[in-house]
Amino acid sequence: MSDIKFSVGLWTVNWGGADPFGTATRHLEDNPIASVYKLAELGVDAFTFHDNDIYPIEADSTFRQKRINELKKAMQETGIICEMVTTNTFSDPLFKDGAFTSPSRNVRRFGLKKIIKQIDLGAELGATTFVMWGGREGTEYDNSKDLYDSHARYAEGIDTVAAYIKQKGYNMRIALEPKPNEPRGDIFLPTIGHALALIGTLDNKDIVGLNPEVGHEQMATLNFTHGIGLAMYCDKLFHIDLNGQNGPRYDQDLVFGHGNLIQSFFTVDLLDNGSPNGGIKPYTGYRHFDYKPSRTETTKGVWESVIGNMKTYKMLSQKAKAYRADPRTQDLFAQAGYNEINIPTLAPNESISDFLAKDQSFSETSEASEYDRGYVQLHQIALEHLIS
Ligand code: GCO
Ligand code: MN
Ligand code: MN
């Protein structure tokens, strides 16, 4: 477990609590770089940030460089590293109708330059992932956008950024972050599956993958563990945003595990241990937390929530290991059919006509109604490990 590394977004711990219904509830340090020292002190291995997490959009180049120098100093002094960067293309009013998919070509060109600037900074700091969360790419009304051209512009934007990364020879990949809604009524690329489909159309699909967020899939009533399972099957889980959510509602961004706990357990199990038959290899990337320390908390609660994320992950990690090592689990995996599902349905070299010609007889009773897969028992064992 010592090889598990944690990272935290600077925008999470530096969120003062302002929401659509109220102003900030916490006093923040004037300089956001202070949080980098605190994260290092708490044992966080890496941080991630948007350009405007460390300097405002209107900052001049002198101020921007001052903040970058301070950030580098914090990295040198503490040993914390920067593993991912992302660009804020959602806060400024300019981006009210999107960046890559804004109807305004000027805004699209401005957004693209802003993204490329942050990619240069990320490469300079050693980040290996660029996350693209297109929070403002979308609509409130179905007739607001030409849906062909909007997706074409989205794909063009991603492909241009990917081509730039390759041209520069940066050791960096792009991870798209799906979200179904909020702040837009409907956001483009709402789920893992939608994003995968668009990636398949890109010229530079080899360096474009996903940054799925627990709560975002759950907002869409989807199973997060299944979602990352598909992403891993496609070799596209490039990054991950871990947090907590209680079902389909607004984006709660809770501490990891403070939502659907049993799904978090299976997420950790899949990430750490891969799939039981070994097809999905254990995830080697950072366990990245993207959450919002609740507005009711003071600064103390902010840092406690950082510790909570890591502690919960480690506890679930240990419990998942014990669940896999339990002989009852292994027996029930066999009963559940794990060692039959990995046998291809057609025999090697069996043609479709051979297959159709073959007389296949088996007892429907033994295959269906009388065969006990033991799923409930297997789930109970997982639950017992989880709450023990
Ligand atoms: C959200 C998103 C954002 C993005 C982040 C990266 O909660 O809606 O998670 O927090 O992850 O802005 O660009
Ligand atoms: Mn979120
Ligand atoms: Mn996120």
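The values are calculated or read from the model by the stated rules, or taken from the named source; none is laboratory data. What you see is a predicted model, and the numbers here were worked out from it, not measured in a lab. Here Cβ is always computed from backbone atoms with ideal geometry, including for glycine, and neighbour counts include all displayed protein chains. Only protein heavy atoms, including side chains, enter the accessible area calculation; ligands, DNA and RNA are left aside. Shrake-Rupley method; radii C 1.70, N 1.55, O 1.52, S 1.80 Å.
If I filter the stretch 292-301 down to residues being within 17 Å of Thr23 (Cα to Cα) and not hydroxyl-bearing (Ser, Thr, Tyr), which single residue comes out as least open to solvent (accessible area, probe 1.4 Å)?
Residues of the stretch 292-301 that are within 17 Å of Thr23 (Cα to Cα), as a first pass: 292-299.
Filter again for not hydroxyl-bearing (Ser, Thr, Tyr), leaving 292-293, 295, 297.
Working: Lys292: 71, Pro293: 2, Arg295: 80, Glu297: 73 Å².
The extreme case among them is Pro293.
Tell me which residues, restricted to the stretch 1-12, are more than 14 Å from ligand 3 (Cβ to nearest atom) and surrounded by 15 or more Cβ atoms within 10 Å (Cβ to Cβ). Hits for the stretch 1-12 are Ile4, Lys5, Phe6.
Remark: pairs (first residue in the stretch 245-271, in contact (Cβ under 8 Å) with a residue 24 or more places away in the chain and open to solvent by 30 Å² or more (accessible area, probe 1.4 Å); second residue within 16 Å of ligand 1 (Cβ to nearest atom) and of a type in the set (Ser, Thr, Tyr); Cβ separation under 7 Å; 6+ apart in sequence or on different chains) = Leu254/Tyr291. Quick check: is even one residue across the stretch 330-352 touching a helix residue (DSSP H, G or I) at 6+ places or on another chain (Cβ under 6 Å) and assigned by TED's automatic domain parsing to the domain that holds Glu213? Scanning the stretch 330-352, I find no residue that is touching a helix residue (DSSP H, G or I) at 6+ places or on another chain (Cβ under 6 Å) and assigned by TED's automatic domain parsing to the domain that holds Glu213, so the answer is no. Within the stretch 73-84, one or more residues are open to solvent by 20 Å² or more (accessible area, probe 1.4 Å), in a helix (DSSP H, G or I) and either of a type in the set (Asp, Glu) or on the phi > 0 side of the Ramachandran plot (or both).
Considered as a group, the residues in the stretch 272-291 that are surrounded by 20 or more Cβ atoms within 10 Å (Cβ to Cβ) and more than 18 Å from Lys321 (Cβ to Cβ) include one that is farthest from ligand 2 (Cβ to nearest atom), and that residue is Tyr286.
Summed over the stretch 184-215, the residues that are farther than 22 Å from Asn243 by Cα and basic (Lys, Arg) give a count of 1. Take the residues in the stretch 284-307 that are more than 19 Å from Gly244 (Cα to Cα) and not in a loop (DSSP other than H, G, I, E, B), then tell me which one is farthest from ligand 1 (Cβ to nearest atom). It comes out as Lys300.
One residue alone among Thr329, Thr299, Thr345 is without any contact (Cβ under 8 Å) to a residue 40 or more places away in the chain and hydroxyl-bearing (Ser, Thr, Tyr), and that residue is Thr345. Does Ala59 count as among the aliphatic types (A, V, I, L, M), open to solvent by less than 20 Å² (accessible area, probe 1.4 Å), at negative phi and not in a strand (DSSP E or B)? Answer is no for this residue. Of all residues in the stretch 210-226, those satisfying the criterion of being more than 15 Å from ligand 1 (Cβ to nearest atom), in contact (Cβ under 8 Å) with a residue 12 or more places away in the chain and on the phi < 0 side of the Ramachandran plot are Leu222, Asn223, Thr225.
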